[in-house]
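The values are calculated or read from the model by the stated rules, or taken from the named source; none is laboratory data. A quick note: this is a predicted structure, and the numbers were derived from the prediction, not measured. Cβ placement follows ideal geometry from the backbone for every residue including glycine, while neighbour counts extend to all protein chains displayed.
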Amino acid sequence: MLRNLDVEFRGNGLPDELYSRLVRDGAVPHMKNTCSPAPEGVRIATPHWAAGAAAAIGARAAERIGALGARVLGDPGLPAAVPDQPGPSSAEPRTAPEVAAQALYGALAAAASASVGTALARGVHQTPSKGLVRVLGHRCPKRLERR
C-alpha cells in the first residue's frame with residue numbers, strides 16, 4: 001500500500017515537504033504504532049537471488065574466520081546456507097481496510113497538526129525571500145531579549 005501511495009504521490013508532482021509531513025511523519029508512524037500484521041496476511045519473501053548472494057557473502061566470511069584459527073561455537077557453515085523459502089504465494093497482496101484507515105488517519109492527523117487556518121503551512125522552500133526575512137526580523141530581536 002505504501003509503495004503504491006509513494007508512486008501516486010510522486011507521480012502527481014506533489015511537493016516533497018508535503019510527502020514528508022503526511023506520509024513519513026503521519027501515516028507510517030501511526031501504522032507502526034497501531035497495526036499488527038494478520039497471521040493470514042501475505043508475507044514478503046526474500047528473493048532467491050538475494051538469499052543466494054547473502055549465502056555467498058556468509059561463505060566468504062566463514063572461510064576468513066576459519067583461516068584466522070578462531071574458535072567457532074556452532075556450525076561454521078551456517079552463514080553459507082541458503083534458507084528454505086516458501087514458493088510464491090497465490091494470494092494477491094491486499095491491505096486490510098483497518099490498516100488503510102489507520103494510515104489515512106495518521107496522514108490526516110499530521111495534516112491537521114500542520115495546518116494554519118485552512119491551508120497547510122508552507123515549507124521554507126516555498127516561502128518567498130521577503131517572507132523569510134520578515135520572520136527572521138521578528139524572531140531575532142525576541143531571542144536576543146531572552147538572553
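Observations, loosely collected:
- Top-ranked residue in the range 110-147 [being of a type in the set (A, V, I, L, M, F, W, C) and at pLDDT 70 or above; ranked as farthest from residue 46 (Cα to Cα)]: 144
- Being more than 28 Å from residue 96 (Cα to Cα), out of contact with any Leu (no Cβ under 7 Å at 6 or more places or on another chain), in a helix (DSSP H, G or I) and not acidic (Asp, Glu) is a property that residue 64 has.
- Within the range 3-49, considering residues that are among the hydroxyl-bearing types (Ser, Thr, Tyr) and under 19 Å from residue 101 (Cβ atoms), the one modelled with the highest pLDDT: 34
- Filter result for the condition that a residue is within 30 Å of residue 28 (Cβ to Cβ), assigned to a helix (DSSP H, G or I), within 33 Å of the chain's Cα centre (by Cα) and at pLDDT 70 or above, over 58, 52, 106: 106
- Screening the candidates 36, 20 for the property of being part of a helix (DSSP H, G or I) and either in contact with an Asp or Glu (Cβ under 7 Å, 6 or more places away or on another chain) or of a type in the set (S, T, N, Q) (or both) yields one hit, 20.
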